[in-house]
Amino acid sequence: MSDEHAREPSAAPPRPPRRMLAFGGLGLVALGVGRLLYDALSLQRSVHAWLPLVAGAIALLAAAIWLALDTPVPEGLVRPPPASARGRGLAIAAVLGLVALQALIPLRYYLGDDAYDERFSWRMFSAVRVHDCRMQAYDEVSGGARPVQLMRLVQVGWVTTMQRNREAVLERYLRWRCARDDAPDAARVENACVSPEGRRTRLVWRLDCAGDEVTREDVDEPNDGAIEEATGVRGGGR
Amino acid sequence: MRAALERIVLGPVAAVRPYLALKATLLFLAFDMWVTRASHAGRYGAGGFNVAHFGWLDALQPDVSPAVYVGVCVFTGALCFAIAIGDRAPRWLVGVALLTHTWSWAMSMLDSYQHHYLLSLVLLGLMFVPPLTAEEALLGPSAPRRSPTRARERASDEASDPDESSAPGATRGRRKLAKGKAAKRARARRASESASGKKGGGSSVDSGASARARLFDPAPLTSAWAWTLLGGSIAVVYAYTALSKTDPEWLSGAALRSVLHLGIDAPAADAPDPLGPFRAVLGAFGVEGEPLWYLMGHGVVVVQMICAAGYLIAPLRDSVKSRALDAFLIVALLTALSFHLGAEYMELKIGWFSWYMIAYAAIFFLPARWLAVVARRMIPLRGGGETGWWTFAPGGVIRALIRLLVGFAMLYAGRLGEATLEPLVVVGALVLALPPLRWLARGLYQDDEPPPAIVYVEVVVGALAIGIAGAAVDLPGAQTAGLLVAGLLLVATALAPLKKGTLTRLGGYAIGVAAAAVALYVSVTATDVRWDYYRNVGGDHRRRGEIAEAYVAYVKANRYAPEGQDRRAREEEMRARLEAMGAPIPEVP
């Protein structure tokens, strides 16, 4: 078979600066990795090593782009680029727009104020799962609070999600509780957690069934003891 | 600037990469939906409570239930499988798979696996890669087609092909030159075909030398902006994953210890040590205790940064030659493999995520020619000559069927292995079963297009098979999904005459649906999907005091229980409670 359509890309004549950029990038990456090794083995949290590592990766990318710009597009592509300038422009806009959108979506978590909703953040190992939590739901009736056995109401997966303080689920639960025929005066959920480092938090979510606004209260907890025993559900969210 | 962007985004990539990525994703996703997801269906809608990932979806979707979830899983899996077996999938069909897969995770926050979201992004990218036949992806634009008429039409098309001449930056002179070249190529090909006695590039066998040359030919190139999008999307994932691990807890290894439930030093003698091999290797260099954890914590971040850079650079590699880039991409491949295989070794319970990422690392980072050689060996090609060991002589139907049977039987063998080996078993089964399937689906046993009667038979077989398999797997919603797929196939067949050439391609999809039916049935019966589903449903009903429903679920669970793990005691307990309540004992079909 003739391989006119599939020839090896004809590389542009090598240019010393471009080669320097490419091999320099590789060198920087190697330098960064070496520095990281040194820092890690001497029990230091690495700070400066990230710079050569990132710079090296950027240099390699720049070298690849430079080389691509200097290399003519081979003939005989199975599918050529869109013929019209508009088509090519749309393709470029789609790639840039969608990659930018994907880069922006996780910022909702990293820059936002809800540390518990880790969805779409690409945080592969959850920081919330390792918390040890004790949750209890209550129905408030005539000034008193009646504990609710959540496991008997909803699937256990929802209980785990509520223990991780997932706001949307807690809100939906409170509204769902208030929408019953025999709705209480108010529905409330309390969740007390201890992080692996011993940091304690207690969040209280409440909905007055006559109203529409779910309130969230962060209750200060002393950092000196185990989570108060209660009748609620305990778990680390695993 | 515009020219630079066009070169980066629209520049050529080896056609084998998007082709393999699309097929591998669809096939793996099909098994993933049936094997790992359907078993969780019992959680959906239990107690009448559900929260979708997006508020607007709650308003739009029907009440979520196990039947809805299983139905979506079965439908999506069958669709993905059929698209993977069929030829040149239309974008809208991949779009339907994207929509139903996205709905499968978005319908409830009970599914919080981030890689399900990632797979939606991957499908979005793959939806826009060029729809290619295997011949186009592996042999290039001069790959032979089915009938002499089609081949002649194509040669004539190519002689006046406006695509090549209208490439960006082409001047009028260059366009004229390109047209002339295309015409010359077409004439040369016709002359060569005529000299070798080939008619329209049918499946006649090339001479040994030319076949070998074709096997090791460079991989054909294509423009595929969506490949750049896919590389960018995966790079974003790795970049954020690295970023999220730069906090002190990760870098010191404390978070990793917490994930693995390990202390600073080696675990007790009788406790499992998921870091055993790493510990042994590093221990040989005197790295142990806290330094080992610091090294692990830092190492994970470095690995993910290198992977992110690799996915950004990889789409450019096929059109340039650079030793430095090649070296870096090999490093990226090795780091990605070590990271994901390590995650599997540590049994981190992240579904099949690692296997998808291992496949993508191989497809993005390996040299294109390696991928093309393996694919040419694996996939039966029209006009592929002796490039593949799956070349079937007339009468090879029996051999094809034996390979098919052995391939599907391998899935049953997976039951013997550990859960983490399941994806590897699936890969092994696909390696055996796919070539004959593709051979049948694409009608490679003959030179001409199959007559409509054969296509109608294939459609009926496909529709019947998926309908029966849906009913036979004994999961709620599966039957409806099977009937839906069958109905779609029949409707498509009824509409096929409206568009020329559709009916022929439809035959391939019908074979794909029939194969999906077998794969669905084997996937569900060879694994613990039904056992997991029914025992979890039983437990959930029991907790909520729904005794009759719990009884039914436990009876079914016991039918599919692995040896020694049944829930007879629970079944008896539920029966006793029903009798004590004076309630009738439900009949379980």
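The values are calculated or read from the model by the stated rules, or taken from the named source; none is laboratory data. Predicted, not measured: the structure shown is a model, and the values here were computed from it. Ideal geometry is used to build each Cβ from the backbone, glycine not excepted, and the neighbour counts take in all protein chains shown. Remember, those area values only see protein heavy atoms, side chains included, never the ligands or the DNA or RNA. Shrake-Rupley method; radii C 1.70, N 1.55, O 1.52, S 1.80 Å.
Taking only pairs six or more apart or across chains, which ones have beta-carbon atoms under 7 Å, a first residue in segment B:535-552 that is facing chain A (nearest Cβ under 9 Å), and a second residue that is assigned to a helix (DSSP H, G or I)?
Correct list of pairs: B:Asp540/B:Gly42; B:Asp540/B:Ala46; B:Arg543/A:Met151; B:Arg543/A:Arg152; B:Arg544/A:Arg152; B:Arg544/B:Gly47; B:Gly545/A:Arg152.
May I ask you to list the residues in segment A:164-193 that are open to solvent by 50 Å² or more (accessible area, probe 1.4 Å) and within 14 Å of chain B (Cβ to nearest Cβ)?
Of everything in segment A:164-193, those that are open to solvent by 50 Å² or more (accessible area, probe 1.4 Å) and within 14 Å of chain B (Cβ to nearest Cβ) turn out to be A:Glu167, A:Glu171, A:Arg172, A:Arg175, A:Trp176, A:Ala179, A:Arg180, A:Asp181.
Table: residues versus (1) outside any helix (DSSP H, G or I); (2) over 18 Å from B:Thr102 (Cβ atoms).
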site	(1), (2)
B:Arg37	no, no
B:His53	yes, no
B:Ala59	no, no
B:Asp63	yes, yes
B:Cys73	no, no
B:Gly77	no, no
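Any idea which of B:Pro12, B:Pro18 is within 14 Å of chain A (Cβ to nearest Cβ), within 15 Å of the chain's Cα centre (by Cα) and open to solvent by less than 10 Å² (accessible area, probe 1.4 Å)? It would help to see each step written out before you state the result.
Details: B:Pro12 fails: within 15 Å of the chain's Cα centre (by Cα).
On inspection, the qualifying residue turns out to be B:Pro18.
Quick check on my filter: what residues within segment B:291-307 are facing another protein chain (nearest Cβ under 8 Å) and open to solvent by 10 Å² or more (accessible area, probe 1.4 Å)?
Passing the criteria: B:Pro291, B:Tyr294, B:Leu295, B:Gly299, B:Val302, B:Met305, B:Ile306.
Which of the residues belonging to segment A:18-60 are of a type in the set (D, E, K, R) and in a helix (DSSP H, G or I)?
A:Arg18, A:Arg19, A:Arg35, A:Asp39 - these are the residues of segment A:18-60 that are of a type in the set (D, E, K, R) and in a helix (DSSP H, G or I).
Which residue pairs have Cβ atoms closer than 9 Å, lie 6 or more positions apart in sequence or on different chains, and pair a first residue in segment A:90-112 that is under 16 Å from B:Gly232 (Cβ atoms) and assigned to a helix (DSSP H, G or I) with a second residue that is open to solvent by less than 60 Å² (accessible area, probe 1.4 Å) and of a type in the set (D, E, K, R)?
Listed pairs, sorted by first residue: A:Ala91/B:Glu6; A:Ile92/B:Glu6.
Could you please let me know if B:Glu563 is part of a loop (DSSP other than H, G, I, E, B) and either of a type in the set (A, V, I, L, M) or out of contact with any Phe, Trp or Tyr (no Cβ under 8 Å at 6 or more places or on another chain) (or both)? Steps first, please.
Working: part of a loop (DSSP other than H, G, I, E, B): yes; either of a type in the set (A, V, I, L, M) or out of contact with any Phe, Trp or Tyr (no Cβ under 8 Å at 6 or more places or on another chain) (or both): yes.
Here the answer is yes, as B:Glu563 does meet what is asked.
Of all residues in segment A:97-108, which are of a type outside the set (S, T, N, Q) and either open to solvent by less than 30 Å² (accessible area, probe 1.4 Å) or assigned by TED's automatic domain parsing to the domain that holds A:Tyr173 (or both)?
Within segment A:97-108, the subset of a type outside the set (S, T, N, Q) is A:97-101, A:103-108.
A:Pro106, the sole residue that qualifies.
Go through segment A:25-53 and report how many residues are under 19 Å from B:Leu312 (Cα atoms) and either more than 9 Å from chain B (Cβ to nearest Cβ) or open to solvent by 60 Å² or more (accessible area, probe 1.4 Å) (or both).
Total meeting the criteria: 5.
How many residues are hydrophobic (A, V, I, L, M, F, W, C) and open to solvent by 10 Å² or more (accessible area, probe 1.4 Å) if we restrict to segment B:464-485?
At the first step, the residues of segment B:464-485 found to be hydrophobic (A, V, I, L, M, F, W, C) are B:464-466, B:468-469, B:471-473, B:475, B:478, B:481, B:483-485.
This time we only want the ones that are open to solvent by 10 Å² or more (accessible area, probe 1.4 Å), so: B:464-465, B:468, B:471-472, B:475, B:483-485.
Here the count works out to 9.
Check whether at least one residue in segment B:554-571 is surrounded by fewer than 20 Cβ atoms within 10 Å (Cβ to Cβ), under 24 Å from the mean Cα position of the chain (by Cα), modelled with pLDDT under 95 and of a type in the set (A, V, I, L, M), and report yes or no.
Checked against the condition, which is being surrounded by fewer than 20 Cβ atoms within 10 Å (Cβ to Cβ), under 24 Å from the mean Cα position of the chain (by Cα), modelled with pLDDT under 95 and of a type in the set (A, V, I, L, M), segment B:554-571 yields no hits at all.
Applying the selection to segment A:118-163, what residues are open to solvent by 30 Å² or more (accessible area, probe 1.4 Å), closer than 21 Å to A:Leu207 by Cβ, within 13 Å of chain B (Cβ to nearest Cβ) and outside any helix (DSSP H, G or I)?
A:Gln149, A:Leu153
If a residue counts only when it is under 26 Å from A:Ala115 (Cα atoms), out of contact with any strand residue (DSSP E or B) (no Cβ under 7 Å at 6 or more places or on another chain) and of a type outside the set (Ser, Thr, Tyr), which helices (runs of 4 or more DSSP H) contained entirely in segment B:217-320 have at least 2 such residues?
By residue number, B:225-243, B:248-251, B:254-260, B:290-313.
All but one of (1) farther than 30 Å from B:Val457 by Cα; (2) within 35 Å of the chain's Cα centre (by Cα) hold for B:Thr480; which doesn't?
(1)
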